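The block underneath contains the structure these notes are about, expressed in structure tokens.
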Amino acid sequence: MGARRLGRERALQALYQLEQTPKLEPQGALDAAWTAHDDEGPRDTTADVFARELIAGVRLHQVAIDKLIEEQSHNWRLDRMQRIDRNVLRIGVFELKHLPDIPRKVTINEAVELAKNFGNEASSAFINGLLDRIAATVGKP
């Protein structure tokens, strides 16, 4: 597994945990995500740096990210979405808006993979459609 994919997985796990336990510090949530996978070997430094970037970026821009998600998700309020889906979308929107070195197609494909691995059977199609609409809105090539 590539470092960025692994970083996205750990960021998703940490964001999920931060939503569950708001008093938890981001680094603590990320450490817990890594610890849960100790059997996979040592922490990948590149993946850890990318995960921290995603977590910090999502948290810094969360109000604007959430607003954009709600504007583009017809018939779905953010608080009614599955927690995993909501956080996959947040990571995807952060990448689309703030990480110009990551192509639109890569961001959407990676988000769909996260949804397949962590969400329910409808998550990947939901994430794919919504992120594609958001990418067009923000003008990501």
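The values are calculated or read from the model by the stated rules, or taken from the named source; none is laboratory data. Since the model is a prediction, treat every value here as computed from it, not as a measurement. Note that we place each Cβ from the backbone using ideal geometry, even for glycine, and neighbour counts take in every protein chain shown. Heads up: the accessible areas ignore ligands, DNA and RNA and are worked out on the full protein's heavy atoms, side chains in. Shrake-Rupley method; radii C 1.70, N 1.55, O 1.52, S 1.80 Å.
Overall, the chain carries a charge dipole of about 460 debye about its Cα centre when +1 sits on the Cβ of Lys and Arg and -1 on the Cβ of Asp and Glu, all other atoms neutral. Assuming a ≥ b ≥ c are the square roots of the Cα gyration tensor eigenvalues, decide whether the stretch 71-139 counts as rounded (a/c under 1.5), prolate (otherwise, with a/b larger than b/c) or oblate. Taking the square roots of the gyration eigenvalues as a ≥ b ≥ c, the stretch 71-139 is oblate. Dividing the radius of gyration of the alpha carbons in the chain by their Kirkwood radius gives 0.94 for Rg/Rh. The accessible surface of the stretch 84-130, taken with every protein chain in place and a 1.4 Å probe, is 51 percent carbon and sulfur. Helix content alone sets the calculated 222 nm mean residue ellipticity of the chain: runs of n ≥ 4 DSSP H residues at -39500 (n - 2.57) each, divided across all residues, give -23500 deg cm²/dmol. Per residue, the solvent-accessible area of the stretch 25-99 (1.4 Å probe, heavy atoms of protein chains only, all protein chains present) comes to 54 Å². Under 25 Å of direct C-alpha separation, and excluding same-chain neighbours fewer than eight residues apart, LYS97 reaches these lysines: LYS67, LYS105, LYS116, LYS140.
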